[in-house]
Amino acid sequence: MVMEPTVAIETLSLNKTFGGVVAASNVNFKVLSGEFRCMIGPNGAGKSTLFAMLCGIETADSGQIFVFGQDVTHTQAFKRVRLGVGLTFQTNRAFHALSVRENLAIPQASARLENKEVGQARLEFALDAFGLDPNDEIKAAELSHNQLQWLEIAMVLVGYPNLILLDEPAAGMASEETLRTAKVLKHLNSTGLTTVVVEHDMAFVKDAAQTVTVLHQGKIFAEGSVADIIAHEDVRRIYLGRA
Amino acid sequence: MRTFVGLISGGADIGRTRLFWISFGVVVLLFLLYPTQASAFRVSNVSFYLLNIPLGLGMALLWGYCGVLSFGHVAYFGVAGYTYGVIAGNMSGNPFGPLAGVAGGLLASMFVAGVFGYFVFYARVQKWIIPILTLVLTLLLETFLGQTAGYQWRVGSVLLGGYNGMTGIPWFQVGGFVFEGYSFYYLCLLLVLACYFGLRMLVNSNFGQVIVAIREDELRTELLGYDIRARQWVVFVLSAALAGLSGLLYVQWGNYITPSQVGLLQAALPVIWTAVGGTTSLLAVAISAFALNWITFTLSSQGNQYAMVIIGGLLVATMVFFPRGIVVMVAERLGRLMTRRAAPPRQP
């Protein structure tokens with residue numbers, strides 16, 4: 001008997017406008033547990049707004065959001081985190097005034113207990129792969145851009161999530177660090193961590209993604225494997241540029 | 001025991017070295033010995049400087065550590081003081097009346113702060129509006145209390161007294177032991193030390209780290225799984241209780257309270273103590289609250305009408321020359337100097 005894969009996150013007819021600007025229009029988005037999904041699209045396509053609605057920063061005008069089968073449409077952000085959702089921001093938001101150790105200590109008290117063993121293993125792997133010392137007393141403000149990005153990913157992993165949403169985790173990184181980030185995220189995903197990434201860097205997407213969703217003008221424009229998306233004529237026109 | 005020492009000597013406040021703790025011990029010893037060398041009048045004055053420190057510490061916790069500025073924390077000072085006056089005054093002659101007054105005063109200040117804070121934090125009022133709302137609350141309280149002159153404004157046998165205030169408030173006593181003069185001084189000193197060490201442990205705990213995280217970035221903290229509104233509310237109520245403690249000690253010290261204690265001028269003082277000392281250190285604010293009360297009291301008692309102008313000038317000078325606070329920046333420079341001296345000389 002083949003088990004149906006569980007749905008990690010699902011939206012039904014999600015809509016959101018800011019004034020006259022449509023940020024999400026009838027978005028039906030579904031990610032299965034254990035999947036590595038990348039989201040691409042031109043600036044203003046609604047990727048970050050969709051992330052903001054998924055984790056509870058923004059409220060949808062209409063539609064529904066489910067996390068691991070639970071309706072979280074009206075659930076506050078911190079309660080969604082307790083359901084196993086982790087998020088890193090487009091602009092790094094580690095606590096710059098605090099040390100690396102303190103940054104990693106803060107999420108500990110809110111960590112989910114049911115996922116502890118596997119979550120701890122993921123955290124230790126990521127810290128090692130990113131070269132971060134969890135006892136480092138250096139202030140986060142003194143870290144390099146790459147280290148700050150990695151520190152924020154590690155902070156989210158401290159909470160032992162089942163699903164991580166990463167908004168441009170490799171933004172501003174050189175190609176070597178981008179691929180290093182992709183490699184770590186791929187390993188974490190191989191342990192069952194559902195991963196959804198907004199990323200502009202196509203090298204990252206080609207390397208890491210199992211499925212790609214293309215957003216355009218607040219709508220899901222296309223969805224498929226990396227090869228399908230790259231070959232998609234209209235996606236090439238609106239986003240990738242014609243060869 | 002190790003946890004206790006770790007919480008006391010953690011890095012969330014200035015002063016972690018052995019030399020610091022020896023100096024701290026010496027200062028406490030000097031305070032303990034002070035009544036043996038000074039007149040009752042001077043001891044009473046120092047009691048006044050000490051009794052304001054919990055109010056300053058509460059402000060440091062709320063503003064410096066949690067990032068929420070209250071411009072009206074004297075409201076809780078006043079609520080506790082008036083409530084103590086009403087309860088202890090009505091239980092006059094009962095040796096446990098003042099104790100009931102203390103419990104009632106603290107609960108009243110925490111209740112008012114709890115209700116006010118609930119609406120402020122759970123409605124997610126923007127941070128820049130909070131100082132205005134808190135100031136409005138204390139000015140409303142001052143206006144209300146100011147119009148309570150007349151016999152009709154009494155609670156039991158205690159008159160609220162309008163702008164003349166409430167007088168004849170009983171000393172603090174437990175059973176037959178009355179705290180006045182020297183014993184009141186030691187009570188203030190003990191409470192200040194208890195508040196300081198308690199708060200130092202709090203800010204070095206995980207709770208303390210989370211409130212600093214809230215100050216740094218509310219959204220990031222919430223997306224690490226914390227209900228930031230609940231934590232801001234807890235800190236607000238705790239800081240109000242500390243303001244209430246100062247209010248209780250104030251009415252026990254002077255046996256009176258007037259509406260001016262919750263007025264605009266008084267409302268500005270804890271903010272000034274905190275800014276001048278340094279918002280991010282409990283010890284700095286404790287030193288600043290003591291020193292600025294001493295300066296204000298000394299200038300005022302010598303007939304200097306410009307005491308508050310001088311304090312205001314000090315605030316402006318601090319903002320310009322010591323933006324992180326005088327005590328904090330002096331402590332940082334001293335720390336750097338000591339580190340440089342302790343470091344081995346460089347090889348040529």
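The values are calculated or read from the model by the stated rules, or taken from the named source; none is laboratory data. What you see is a predicted model; the values in this text were computed from it and never measured. Here Cβ is always computed from backbone atoms with ideal geometry, including for glycine, and neighbour counts include all displayed protein chains. The accessibility values were calculated without ligands, DNA or RNA, using every heavy atom of the protein model including side chains. Shrake-Rupley method; radii C 1.70, N 1.55, O 1.52, S 1.80 Å.
Name the residues in region B:142-163 that are within 25 Å of the chain's Cα centre (by Cα) and surrounded by fewer than 22 Cβ atoms within 10 Å (Cβ to Cβ), would you?
Answer for region B:142-163, where residues must be within 25 Å of the chain's Cα centre (by Cα) and surrounded by fewer than 22 Cβ atoms within 10 Å (Cβ to Cβ): B:Thr143, B:Phe144, B:Gly146, B:Tyr163.
Picking from B:Val212, B:Val237, which residue would you name as being among the hydrophobic types (A, V, I, L, M, F, W, C) and away from chain A (no Cβ under 14 Å)?
The conditions single out B:Val237.
Suppose the filter is without any contact (Cβ under 8 Å) to a residue 24 or more places away in the chain, buried (at least 20 other Cβ atoms within 10 Å of the Cβ), of a type in the set (S, T, N, Q) and within 12 Å of chain A (Cβ to nearest Cβ); does B:Thr221 pass it?
Here the answer is yes, as B:Thr221 does meet what is asked.
Given the criteria at pLDDT 95 or above, in a helix (DSSP H, G or I) and within 14 Å of chain A (Cβ to nearest Cβ), does B:Arg231 qualify?
yes
Pull up region A:131-152, narrow it to residues that are acidic (Asp, Glu) and over 21 Å from the mean Cα position of the chain (by Cα), then point me to the one that is most open to solvent (accessible area, probe 1.4 Å).
A:Glu142
Looking at (1) without any contact (Cβ under 8 Å) to a residue 40 or more places away in the chain; (2) open to solvent by 40 Å² or more (accessible area, probe 1.4 Å); (3) within 14 Å of another protein chain (Cβ to nearest Cβ), can you tell me which one A:Arg93 breaks?
In the conditions (1) without any contact (Cβ under 8 Å) to a residue 40 or more places away in the chain; (2) open to solvent by 40 Å² or more (accessible area, probe 1.4 Å); (3) within 14 Å of another protein chain (Cβ to nearest Cβ), A:Arg93 misses (1) alone.
Which one of B:Val174, B:Val112 is under 19 Å from B:Tyr84 (Cα atoms) and surrounded by fewer than 16 Cβ atoms within 10 Å (Cβ to Cβ)?
B:Val174
Out of (1) more than 22 Å from A:Ile153 (Cα to Cα); (2) surrounded by fewer than 19 Cβ atoms within 10 Å (Cβ to Cβ), what's the single condition that is false for A:Leu215?
Of the numbered conditions (1) more than 22 Å from A:Ile153 (Cα to Cα); (2) surrounded by fewer than 19 Cβ atoms within 10 Å (Cβ to Cβ), the odd one out for A:Leu215 is (2).
What helices (runs of 4 or more DSSP H) lie completely within region B:36-99 and have 3 or more residues being open to solvent by 10 Å² or more (accessible area, probe 1.4 Å)?
B:40-51, B:74-90
Counting just the residues of region A:60-78 that are surrounded by 16 or more Cβ atoms within 10 Å (Cβ to Cβ) and outside any loop (DSSP other than H, G, I, E, B), which one comes out farthest from the other protein chains (Cβ to nearest Cβ)?
A:Gly63
Read through the list (1) more than 24 Å from B:Leu189 (Cβ to Cβ); (2) touching a Phe, Trp or Tyr at 6+ places or on another chain (Cβ under 9 Å), then give the number of the only condition that B:Phe71 fails.
Among (1) more than 24 Å from B:Leu189 (Cβ to Cβ); (2) touching a Phe, Trp or Tyr at 6+ places or on another chain (Cβ under 9 Å), B:Phe71 violates only (2).
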